[in-house]
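S.K.: Quick one: this structure, given as structure tokens, is what I'll be asking you about.
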Amino acid sequence: MRMMGLTRKLFWTVVALGLALASGSALAEVQPEAGGIDYPKDISTWGYRIDWLIDITMIFTVILFAIMCAWMFISYVWHDERNEAEYDHGDSKHHIMVALTLSAVIFLIVDGNLWWNSVVDLDEEIWNFGKVTANEDTVRIEVNARQWAWQARYAGADGEFATPDDVTTLNTIPVPVDTPILVHLASPDVIHSFYLPNLRQKMDAVPGVLNPLWFQATETGDYDLACAQHCGTHHYKMKGMLRVLSRDDYAAWSKQASVNALRAYDENDTGAHWGWPWREDVNW
Ligand SMILES: [Cu+2]
């Protein structure tokens, strides 16, 4: 009788695992990314920190998942006619102490690790705006995320925002390589989200608020800029581009664009004057 029970259990376990694997591979077939399940190429100075956090979260999750599966499987095979399961409500003092201790250990190791590393990352790089504003090379850009486009504004030759020689672009944001780029992000309508997957940077654009973010690209090329908040019927149109140029190419483009902007300036075109005077104190 015992052998029969065990054989049946093992049979159904194999069936369940087979179904799980089959459904998993069916899902894997429709992944659209050519690169498979790997991350988008990281072309940023601090993106490795984000990747490390995702990796360590995955490792902790897999370890805890494996422990729980093993626990359930052993209980399932072990408890039969010979080793009957004991049922209780888990409310004895002993059980509560065991549960609390286990939870505290997992919380301290897993969440403590993630929390501490996140704080260090924010302090050293991601929210370290002091370092960025002190750097003379830093390029400042105002980005207006709106239904349904990305408007970008550069100060132009005079270095001042909201003046006639401001350079503006639509849906393509040119930046120089190996240079800190400081963006102040705004929205005049609904919440959008400025997402640069290759730079591991994502920031919400919230009406009435100026949200700062910064990044530094390490390679030239064209990279996706996406809106990561569903912001209305034409949300999909907010597929923009970050164009990372060599420093020389950027300087040449910037100079010419500022001359063109001054020529094309129209005082009465109020729709084009969405810029604001730069606020260096914006911070987290
Ligand atoms: Cu949007």
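The numbers here are math on the coordinates, done by the rules we state, and not lab data. Here the structure is a predicted model, which means the values were calculated and not measured. Note: ideal-geometry Cβ built from the backbone for every residue, glycine included; neighbour counts use all protein chains shown.
S.K.: Considering only residues of the stretch 212-270 that are farther than 26 Å from PRO180 by Cβ and among the acidic types (Asp, Glu), which is farthest from the ligand (Cβ to nearest atom)?
M.R.: Residues of the stretch 212-270 that are farther than 26 Å from PRO180 by Cβ, as a first pass: 230-237, 262-270.
Of the ones still in play, those that are also among the acidic types (Asp, Glu) are 266-267, 269.
Details: ASP266: 27, GLU267: 30, ASP269: 24 Å.
This residue is GLU267.
S.K.: Follow-up question, since we're still on this one. From the residues in the stretch 135-148 that are out of contact with any His (no Cβ under 9 Å at 6 or more places or on another chain) and not in a loop (DSSP other than H, G, I, E, B), which one is nearest to the ligand (Cβ to nearest atom)? Before the answer, list the steps.
M.R.: Here is the first cut: in the stretch 135-148, the residues out of contact with any His (no Cβ under 9 Å at 6 or more places or on another chain) are 135-139, 144.
In the following step, the residues that additionally are not in a loop (DSSP other than H, G, I, E, B) were identified as 139, 144.
Details: VAL139: 23, ASN144: 11 Å.
If we take residues in the stretch 135-148 being out of contact with any His (no Cβ under 9 Å at 6 or more places or on another chain) and not in a loop (DSSP other than H, G, I, E, B), then ASN144 is nearest to the ligand (Cβ to nearest atom).
S.K.: Kindly provide the set of residues from the stretch 108-127 that are among the acidic types (Asp, Glu), within 28 Å of ALA217 (Cβ to Cβ) and surrounded by 11 or more Cβ atoms within 10 Å (Cβ to Cβ), ordered by number. Quick ask: steps written out before the conclusion?
M.R.: So in the stretch 108-127, the residues among the acidic types (Asp, Glu) come out as 111, 121, 123-125.
Cutting the leftovers down to within 28 Å of ALA217 (Cβ to Cβ) gives us 121, 123-125.
Matches in the stretch 108-127: ASP121, GLU124, GLU125.
S.K.: What is the number of the single condition among (1) within 23 Å of ARG146 (Cα to Cα); (2) more than 16 Å from the ligand (Cβ to nearest atom); (3) out of contact with any helix residue (DSSP H, G or I) (no Cβ under 7 Å at 6 or more places or on another chain) that ASP281 does not meet?
M.R.: Condition not satisfied by ASP281: (1).
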